[in-house]
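First comes the structure, then the notes that go with it.
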There are 2 protein chains.
Amino acid sequence: MSDPAPVVDPSPAPAAPSGPRPKVTNRGRTAVAVASSNSESTEVPEFEPFVAPGPRGFPPLTDYLDIVAVDMMSQSDGVNKQQHRTMFYNSNYLIVRRGQEFHVKLTFNRPYNPKEDKFALEFVIGANPDYSKGTYIPVFPNKERQSRWAGRIADNSNNDVTVGITPLANCIVGKYHMYVAVMTRFGIRRTRKDPVRDLYILFNPWSPADDVFLDDEPERQECVMNEMGIIYHGAYDDVAERQWNYGQFNYGVLDACLYIMDRSEMPITNRGDPIKVTRKASAMINSRDDDGVLVGNWSGDYTYGVAPTSWTGSTEILLTYASSRMPVSYAQCWVYAAVFNTFLRCLGIPSRVVTNYYSAHDNDGNLKTDIILDENGKIDRSRTRDSIWNYHCWNECYMTRPDLPFGFGGWQVVDATPQETSDGMYRCGPASVQAIKHGEMCYPFDAAFVFAEVNSDVVFYSRGKDGAMQPVRVNQTHVGRMVLTKAPGATTRRDITSQYKFPEGTSEERTVLEKAEGFGCHREKSRPPEADVDLVLPTLEVPVGQDFELSLEFVNRSDQRRVVEAYISGNVVFYTGVTSAEFMLRDPTVTMKPNETVKETVVVESKKYMKHLVEQANLHFIITGKVKETGQIVTAMKVVALHNPKLSVKVSGVNRVSEEMMATVEFTNPFSFALADVYIRMEGPGVMMPTYKYYSLIPNGSSLTWNETFVPQRAGATRVFATLDCPALRQVQGEVSLTIKP
Amino acid sequence: MSDPAPVVDPSPAPAAPSGPRPKVTNRGRTAVAVASSNSESTEVPEFEPFVAPGPRGFPPLTDYLDIVAVDMMSQSDGVNKQQHRTMFYNSNYLIVRRGQEFHVKLTFNRPYNPKEDKFALEFVIGANPDYSKGTYIPVFPNKERQSRWAGRIADNSNNDVTVGITPLANCIVGKYHMYVAVMTRFGIRRTRKDPVRDLYILFNPWSPADDVFLDDEPERQECVMNEMGIIYHGAYDDVAERQWNYGQFNYGVLDACLYIMDRSEMPITNRGDPIKVTRKASAMINSRDDDGVLVGNWSGDYTYGVAPTSWTGSTEILLTYASSRMPVSYAQCWVYAAVFNTFLRCLGIPSRVVTNYYSAHDNDGNLKTDIILDENGKIDRSRTRDSIWNYHCWNECYMTRPDLPFGFGGWQVVDATPQETSDGMYRCGPASVQAIKHGEMCYPFDAAFVFAEVNSDVVFYSRGKDGAMQPVRVNQTHVGRMVLTKAPGATTRRDITSQYKFPEGTSEERTVLEKAEGFGCHREKSRPPEADVDLVLPTLEVPVGQDFELSLEFVNRSDQRRVVEAYISGNVVFYTGVTSAEFMLRDPTVTMKPNETVKETVVVESKKYMKHLVEQANLHFIITGKVKETGQIVTAMKVVALHNPKLSVKVSGVNRVSEEMMATVEFTNPFSFALADVYIRMEGPGVMMPTYKYYSLIPNGSSLTWNETFVPQRAGATRVFATLDCPALRQVQGEVSLTIKP
């Protein structure tokens, strides 16, 4: 039998996974293997006879309806992609969103007669398609016939019929194949399988019936359609920005996202549920357990991969993963969050990256982080185990939560950064932000863990000679100091701390913490008396490599004389709060008259800290001390994020789609030492794919200039940005904004 | 410095894991590696000076308290093990339960003076012990000193001091080391590390402050102390029993259970929380993901391991796993549940194995299981994908749930059988049985999945020629027909169905199902009209290899004549409901007068089914049909579990502890074919360790006799039981009860 449907669009399919991996036999365990790959499929017969043919076969059919052509109407400027807001995907395939009608055009060998002719469009996904599993969906465009997805004849003229199909708003998300099946007297004839009739169906935040419906157009534009991201880091009082190209519309990214689910062997039938998709992805974005996308590395040694600070966007990572089928090296929290964000936006789940300053970790979801002091009030490093990250990035995604009682839908925390100390938790979320705010930690998934990240207390213990421990100070405001995300449609930041917690000191806050304890979270309950001496630290912005002054204020709030024996410890720390080296230790004795404030100034010399610096150039000062008269303990902590030099990025040309332009990156080594093994990476959403250049040596004082031509693909405001990375200097960035005319 | 504590008990430690596996470096990620092995430890210094020694060292100490001997008081008949109910553990070590005082005796070089002498007992678990993590606990036996675990001088006479220590009721469960530390003027002197001062601390269902407190002595005796289990299988109307020796007190089993947690790299700090311990263990008892204890196999081919039906107890499995460090082959659901039960009882968490008859699986937690019929009412096997297991075993364990709102403590479902189709769910629970009964499926962990196992509807669809599907029958009572467990202190069964659901048809049941739908579970809502013809199947008990009659009653409840075109399909099925072969198909047409009952008898010949039989010898009859006059669909389903021949087990001798006795196993091959590759396994709690014998061939009609001597270790009622297993015949059992006198 010849192919009844000629090829309409000859564009080849993107690289499909090279053959399925061998599976364990399931004989006796399951009737049919569970379909868990979107790249596998089962051939559907071209002819299904209703009865066995007679001895001489079927009589010839002369009057039956035959299919001449099928047009998926997949042009970027066509009605489908425009209405479904999928026009930016760099793909020749039809891409639509569920719960919303799309159209395909069929051309028959003769005019279609709705009264007599019967045909169906059959949508099929994965192996062993099955009606009751939602993996085989026949759509009948007649009014009389019920079909799971609504179908209708939108237009019927000459031999052409345009059919409107509305996939259910909770249908499986992924790549389908469409067959056209015509009923004849003797059986069903269908089109042969051909990738041109493949189509992608995505989540639809614009459809009220979809679980990811988000009724706010600026938010949707930001959290689904925007490729250009800003991820915050640094310190809460000296916020730094990282540019990121999520690249969710770039060629191959959508296929890479589907491959991630295939690689996890996630059953096809679960792929319409945003709760299951996001939970699975939180496990798959990190490589722990499951050979997922990104290998974590916090060691400072990135010899066998790309330094986390060097990436400029998600595209390179996802395409490398999909083609190599091996985890990509290396990531830290913002890389996990950024790639996860691409995955979510690409599939149509509204999402954003958030940054929590002073994030409590490694305390296994309990509400205290312990710092141990010796009897003199000096920090005892060998016994202080918990860490507070200077900042931590995770994702929020937007969805209803039908699995929870009413009121916990909306933004949900998901986190793909593997949490080492939590009970094998290499996945996290979705956890309702509302549940976190209200201390309703009994609801899945992992709300208690996120609650602790923003609400832990820092407890200072004094350890006696004989090993006895005494809590001496509880700091309730340090952790979860600020939660930031990028504002929709702007390049400014938005403080969303109040979505995670009630203001410090309010009765609501107290109620929530008590509720959390009711759910088994352990807090330090003793409240050692507050010291009557305060320690105030300044806010500082310091360029890397410079000496600076740290001026501490000792404030005596009592009516008596006070003497403090203080320890000022200066440390180089990783952004995870882990100390790399202590480069400075002073132990001044400060004497204050009643109600007096005394300033103690410490000069921090660059030659002391420079040789110890680790990648993100963070200094951590911990000042502890004991008031001689009262034995009270005073403490203060501060992170100083040193400012790196900037890259200069400029563009020249006519700023018009398809016109060649030039980007110029310039950098001068300002240090007294040479920089070796330098990578510069550059990209720009809609204008430039990721590209990089290698410099083996940049001598001290010398400059480099890199000119790169590019051709804008899309009109609109965008940016071109670059990073410079080498073992001796990381996290150097630069960017330029530009607007492309159509 | 010489060892201040002479060795008191020279018994060697059980084999410790042969060196830790290499770990990923955590530099920059965590301050200190997370302790996740109970077999690793950090050496604690023998002397900790308070100040640096002077130029000539410390002056000699003459009057200080020195430790001559430490007695852990670990005899089985001693006060510690008797009071802590750990006397049955076959171990020389001290084993106690938390939240309850135990005693150790110290002998000093001179009388102890409470006013002047200071000493502490230090308990340490895992590497990097840390006070604030609860892995380093100093206990001061003075009243004035606070210590986390209460300590007191219970007796002080001559040079001997007996110290009473009460571990916190929520302390970490596992193997600790105890040091004795004496304060001298210049520093702390402590005992050298020696395994004789190791001790195990377990969960304590007898302590009201422990999360696993169970206030019912018969239940505690059954669910913690009983080694002898009965696990139900077969069919709900023809229940069969499997004997099982949990063996939680056998030599090496406790160490194997701790090794399981070490192997999972579960942080030591989480090991006091029964929620985390049981959830982790539900993942580790199966080998999926994590190289856990047991490899699942439902294929019928067990060439490279032991057939699941062949095991007689958990001891052999756990000791093999702990010594080989490789997953053990093979398991099906009751093996997972039985070994999990051993783990739980061994650690002191009350637990029991339950059996659910007609357990819905592979429907991903949804509330319907689909069976597809063709237009004539005949089952369409190629399109019927879901399976209903004839039975499924899981565990219940008893604990409070501080992580949930009040009211969901008590029995919790945990399930170690890997669920293939659920989203990567190779762990399940703990899920509150109360929450399942009341449809509160929003509470962790996996309540929705268990709810579906007992509450799914069976939906029959009729599939039209053109692929359209129509629900024609909904059976709401088939799934979760009965839930059984062994009664405490008896060998009878206990029906606990009412703990999982309200009676069918009550308003409570309806409310619960509606609530479940509110949490996003999908049900079939259409209610096709009930047919006015009923189909009634008989209850049958059939020995394997015999012909039998299946007599069906067609009951016409209408006042009109009815003709049913019926399909009677006889199938050999695995216990998972998966069909291996259809051995019989009849399609009688049955005519009934108004209100008449017509009997249709079908002879089932053994020669038809014998050649297809799979291990558990289950036949599944599905009768479907269409009423000619009304088009209504009638259905009935029935599992017939064929009865295997029994093994004869007898014992002879004097039934007294330490007196040699003899067990005799006899078997006659009743079949017309020879049995090849036969293993017989035998064991008996407290009297006989697992043992087996191999017979290469048992010709048809011939008999075997195996005599095995054994020496009872313990007084009390017990059983000796055996299984016979070969590829052609599985699940043959026999047992004998006996009472051993002291």
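The values are calculated or read from the model by the stated rules, or taken from the named source; none is laboratory data. Small disclaimer: the values here were computed from a predicted structure and weren't measured. Positions of Cβ are backbone-derived with ideal geometry, glycine not excepted, and every protein chain shown enters the neighbour counts. Side chains are part of the model used for accessible areas, which takes the heavy atoms of the whole protein and leaves out ligands, DNA and RNA. Shrake-Rupley method; radii C 1.70, N 1.55, O 1.52, S 1.80 Å.
Laid out as a table, the results:
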| item | result |
| --- | --- |
| Some residue of region B:622-631 being under 34 Å from the mean Cα position of the chain (by Cα) and either within 14 Å of chain A (Cβ to nearest Cβ) or part of a loop (DSSP other than H, G, I, E, B) (or both) | yes |
| Pair list, Cβ < 7 Å and 6+ apart or interchain, from region B:431-446 residues that are more than 11 Å from chain A (Cβ to nearest Cβ) to residues that are of a type in the set (Lys, Arg) and open to solvent by less than 40 Å² (accessible area, probe 1.4 Å) | B:Lys437/B:Lys501 |
| Where A:Leu121 falls short, out of the listed (1) more than 21 Å from A:Val277 (Cα to Cα); (2) more than 14 Å from chain B (Cβ to nearest Cβ) | (2) |
| All strands (runs of 3 or more DSSP E) inside region A:365-482 with 3 or more residues being in the same structural domain as A:Val335 (by the TED database) and open to solvent by less than 10 Å² (accessible area, probe 1.4 Å) | A:368-373, A:387-399, A:410-414, A:457-463 |
| Residues that are open to solvent by 50 Å² or more (accessible area, probe 1.4 Å), under 30 Å from A:Asn297 (Cα atoms) and not in a strand (DSSP E or B), drawn from region A:581-617 | A:Glu605, A:Lys607, A:Lys608, A:Met610, A:Lys611, A:His612 |
| Qualifying positions in region B:344-390 - away from chain A (no Cβ under 14 Å), within 20 Å of the chain's Cα centre (by Cα), farther than 22 Å from B:Leu513 by Cβ and not charged (D, E, K, R) | B:Leu344, B:Cys346, B:Leu347, B:Gly348, B:Ile349, B:Pro350, B:Ser351, B:Val353, B:Thr355 |
| Residue that is in contact with a Cys (Cβ under 9 Å, 6 or more places away or on another chain), part of a strand (DSSP E or B) and open to solvent by less than 50 Å² (accessible area, probe 1.4 Å), where the choices are B:Val678, B:Val720, B:Val639, B:Val665 | B:Val678 |
| Of the criteria (1) crowded, with 24+ Cβ neighbours inside 10 Å; (2) farther than 17 Å from A:Tyr321 by Cα, which one A:Lys276 fails | (1) |
| Count of region A:122-161 residues which are without any contact (Cβ under 8 Å) to a residue 12 or more places away in the chain and out of contact with any strand residue (DSSP E or B) (no Cβ under 7 Å at 6 or more places or on another chain) | 5 |
| Answer from A:Ile172, A:Ile201, A:Ile137 - the residue that is open to solvent by less than 30 Å² (accessible area, probe 1.4 Å), more than 14 Å from chain B (Cβ to nearest Cβ) and either in a loop (DSSP other than H, G, I, E, B) or not basic (Lys, Arg) (or both) | A:Ile201 |
| Test: A:Ala490 is open to solvent by 10 Å² or more (accessible area, probe 1.4 Å) and over 30 Å from B:Leu121 (Cβ atoms) | yes |
| Residue pairs meeting the criteria (Cβ under 7 Å; at least 6 apart or on separate chains; first within 14 Å of B:Ser287 (Cα to Cα), in region B:258-270; second open to solvent by 20 Å² or more (accessible area, probe 1.4 Å) and of a type in the set (Phe, Trp, Tyr)) | none |
| Residues of region A:353-364 that turn out to be modelled with pLDDT of 85 or more, open to solvent by less than 10 Å² (accessible area, probe 1.4 Å) and not aliphatic (A, V, I, L, M), as a count | 4 |
| Tabulated pairs, region B:463-480, first under 16 Å from B:Gln632 (Cβ atoms), second part of a loop (DSSP other than H, G, I, E, B) and of a type in the set (Asp, Glu), C-beta under 6 angstrom, 6+ apart or interchain | B:Pro471/B:Glu524; B:Val474/B:Glu524 |
| Residue within region B:647-660 that is of a type in the set (Ser, Thr, Tyr), open to solvent by less than 70 Å² (accessible area, probe 1.4 Å) and farther than 30 Å from B:Met87 by Cα present | yes |
| Sole residue being open to solvent by 10 Å² or more (accessible area, probe 1.4 Å) and of a type in the set (Gly, Ala, Ser), chosen from B:Ser299, B:Ser310, B:Ser314, B:Ser282 | B:Ser299 |
| Which listed residue, of B:Val564, B:Val578, is within 14 Å of chain A (Cβ to nearest Cβ) and either open to solvent by 80 Å² or more (accessible area, probe 1.4 Å) or among the β-branched types (Val, Ile, Thr) (or both) | B:Val578 |
| Within region A:648-662, tally of residues that are within 10 Å of A:Ile740 (Cα to Cα) and part of a strand (DSSP E or B) | 1 |
| Cβ pairs under 6 Å, 6+ apart, first in region A:282-303 and facing chain B (nearest Cβ under 10 Å) and under 20 Å from A:Val413 (Cα atoms), second of a type in the set (Lys, Arg) and open to solvent by 30 Å² or more (accessible area, probe 1.4 Å) | A:Ala283/A:Arg427 |
| Pair list, Cβ under 6 Å, 6 or more apart: region A:532-554 residue of a type in the set (A, V, I, L, M, F, W, C), other residue outside any strand (DSSP E or B) | A:Val542/A:Leu642; A:Val544/A:Ala617; A:Val544/A:Leu642; A:Val544/A:Asn644; A:Phe548/A:Val542 |
| Lone qualifier among A:Tyr357, A:Tyr321, A:Tyr304, A:Tyr259 - being assigned by the TED database to the domain that holds A:Ala235 and assigned to a loop (DSSP other than H, G, I, E, B) | A:Tyr304 |
